[in-house]
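Asks: One structure, pasted below without further comment.
All of the numbers you see were taken from the coordinates with simple rules; none came from a lab. These figures come from a predicted structure and were not determined experimentally. Note that we place each Cβ from the backbone using ideal geometry, even for glycine, and neighbour counts take in every protein chain shown.
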Amino acid sequence: MPCCFPWNAAGRLPRHSSSCVCRYGGLVDATPLLIIGSGGHAKVVIDIVTAMGGYEIVGLASNDDDPSRLVAGHRILSGLDYLESLTDRAGHFAMGIGGWTDNKDRRRAYEAAIDAGLQPVTVVHPATSISPSASIGPGCVVFPGAVLNTDASIGVDTIVATNSSIDHESTIGDHVLISAGVTIGARVTIGDRAALAIGCVVASRVKVGTDTLVAAGAVVVDDVPDGAKVYGLPARSREA
């Protein structure tokens, strides 16, 4: 088993576990790892995995228009419909699919990898600030500069991008996108599959519902209902 995979009793990854020996000392054999996706986000994930250490990237799985091309020096081995054929090369995967206005493609790919029998790896860049009491779910990706404060909780297959911050006792759901530079206050709840675009702000104690979109630069001071799209300062719904 890879050393960056020690889930606690609740099935989550505490901060002290993500700071494993491979991250600081390279004391274990490299674990074969498959990257799901082949776009720009996959390239960032490859960089983070390299910075962490402890893994050997065997290749990528993607429905790429040009499967013959190299991505950050790595080959695309198959499409997403053939993940079971890759389990002899790697038993673990990292999510390299991002999100833009929704997280549907990433969720589907994550579930396909689980169904194929692969195990998710949580990818955390060494240059993060994460409280020992924070927890991170399986399959998440945490970019450099991210901050997770006391008792913050991150769900399954969620992205916490560059220089974003999540304050104390906030709960982030599954398959969520927290884009670069997003600021989330204390005791906030973000529902499953929400997409928070670059630089937006969510004030403390606010609840953002499932399948929501918070536009770039928006400032959310009131609760956002499920499925809503909000824009502006203060953030308000409008027709897409």
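Asks: Which of the residues that make up the range 168-209 are surrounded by 18 or more Cβ atoms within 10 Å (Cβ to Cβ), among the hydroxyl-bearing types (Ser, Thr, Tyr) and not in a strand (DSSP E or B)?
Replies: SER170, SER179
Asks: Which members of the range 228-240 meet the condition of being part of a loop (DSSP other than H, G, I, E, B) and either over 25 Å from the mean Cα position of the chain (by Cα) or surrounded by fewer than 13 Cβ atoms within 10 Å (Cβ to Cβ) (or both)? Even if it seems obvious, please write down each step before you answer.
Replies: Quick first cut of the range 228-240, residues part of a loop (DSSP other than H, G, I, E, B) only: 228, 232-235, 238-240.
If the condition is that a residue be part of a loop (DSSP other than H, G, I, E, B) and either over 25 Å from the mean Cα position of the chain (by Cα) or surrounded by fewer than 13 Cβ atoms within 10 Å (Cβ to Cβ) (or both), then GLY232, LEU233, PRO234, ARG238, GLU239, ALA240 are the ones that fit.
Asks: Here's another thing I want to ask about it. Are any residues in the range 149-167 among the aliphatic types (A, V, I, L, M) and either assigned to a loop (DSSP other than H, G, I, E, B) or surrounded by fewer than 22 Cβ atoms within 10 Å (Cβ to Cβ) (or both), and if so, which ones?
Replies: Keep residues of the range 149-167 that are among the aliphatic types (A, V, I, L, M), which gives 152, 154, 156, 159-161, 166.
Answer for the range 149-167, where residues must be among the aliphatic types (A, V, I, L, M) and either assigned to a loop (DSSP other than H, G, I, E, B) or surrounded by fewer than 22 Cβ atoms within 10 Å (Cβ to Cβ) (or both): ALA152, VAL156, ALA161.
Asks: How many residues are within 21 Å of HIS168 (Cβ to Cβ) and in a loop (DSSP other than H, G, I, E, B) if we restrict to the range 210-221?
Replies: Pass one, the range 210-221, residues within 21 Å of HIS168 (Cβ to Cβ): 214, 219-221.
Narrowing the set further to residues that are in a loop (DSSP other than H, G, I, E, B) leaves 221.
Residues meeting the conditions: 1.
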